[in-house]
Amino acid sequence: MKTTPRILEVRTRILKKNDEIARAMRRDFERLGLLVVNIVSSPGTGKTAFLKETLARLAARGEPSAAVVGDLETDNDARRLAESGVPVRQINTHGLCHLEAEMVAEHLAGWDLAGLRYLFIENVGNLVCPTSWDLGESLRVALLSVTEGEDKPLKYPGLFNTADVAVITKIDLAEACEFDRDLARANLEAIRPGMRILETSAKTGHGLEAWLGELAGRRARLTAG
């Protein structure tokens, strides 16, 4: 007996419930003027280092922010991010390859979201599973490291096609990795024409001011709307 229709039916119901929760969360976030950023990448892109530097710089500017971190196991990344001095909570998925809206909602319970301007969601390191799951974010950011190669957007078009911004990380290693920046940009443009593309290095600070400017501009539009 074929089981595919049943599997699709169950998945459709699960995604529908997720989308309903995400929409309600988004309404609450927007009402509070809270810019929620969902950061997605494969493992090893420097996602945690990038986010830690972002949180620290926002804190230094008096811009209240917080983060939730998704990992299969351990709270290693949450502890690293907490060094920035901002509130951080860990979500362990115990084998699940993505975060879901309900998980995020549960881990936000008790937080004074009205006192925040930015909330970052560091998704589970995966370029496939998180693509279909709305977390109520205002901004979805796809990270691409120079160590991964220029063709990553072509291999995983689903994620990059749903992202609002692409951030190329570890740009300080571009020359050593023989990374072709023009080709990487062309591949991103081919998947998502007009996508905002930023080059950054958490180690040297390159491009982080442009990234913070992007965040400020997005939040300004959110609160003006």
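Read-outs: derived from the displayed coordinates by stated rules, not from any lab. Nothing here was measured: the structure is a model prediction, and the numbers come from that model. Methodologically, a virtual Cβ is constructed for each residue, glycine included, from the backbone with ideal geometry; neighbour enumeration extends over all protein chains shown.
Restricting to DSSP H runs of at least four residues, report the calculated mean residue ellipticity at 222 nm for the chain, -39500 (n - 2.57) per run over all residues, nearest 500 deg cm²/dmol. Rounded to the nearest 500, it is -13000 deg cm²/dmol.
Restricting everything to alpha-carbon atoms, can you work out Rg to Rh for the chain with a Kirkwood hydrodynamic radius?
Rounded to two decimals, Rg over Rh is 0.96.
Under a GNM of the chain (C-alpha, springs under 10 Å), which listed residue has the highest mean-square fluctuation: Leu208, Leu35, Leu143? Maximum among the listed residues: Leu208.
Computed about the Cα centre, the dipole magnitude for the stretch 53-96 is approximately 180 debye when only Lys and Arg (+1) and Asp and Glu (-1) carry charge, each at its Cβ. Of all aspartates and glutamates in the structure, the ones whose alpha carbon falls short of 15 Å from that of Lys16, not counting any fewer than 8 places away in one chain, are Glu100, Glu102, Asp134.
Between amide H atoms placed 1.01 Å from N, distances below 5 Å from His206 occur with Ser201, all of them 5 or more places distant or on a separate chain. Set the bar at 19 Å for Cα to Cα. Now go through Lys17/Lys152; Lys152/Lys203; Lys170/Lys203; Lys52/Lys170 and name every pair that lies beyond it. Where the Cα-Cα span goes over 19 Å, the pairs concerned are Lys17/Lys152; Lys152/Lys203.
Under a Gaussian network description of the chain, with springs only between Cα atoms under 10 Å, the residue in Gly205, Gly95, Gly44 that fluctuates furthest is Gly95.
Of the DSSP beta bridges with both residues in the chain, give the percent that are antiparallel, rounding to the nearest 5.
Given both bridge residues lie in the chain, the antiparallel proportion sits at roughly 0 percent.
Computed from label points 7 Å out along Cα-Cβ, the spacing between Val128 and Arg221 is 3.2 nm. As a length-normalised measure over Cα pairs under 8 Å and 6 or more apart, the relative contact order of the stretch 15-212 settles at 25 percent.
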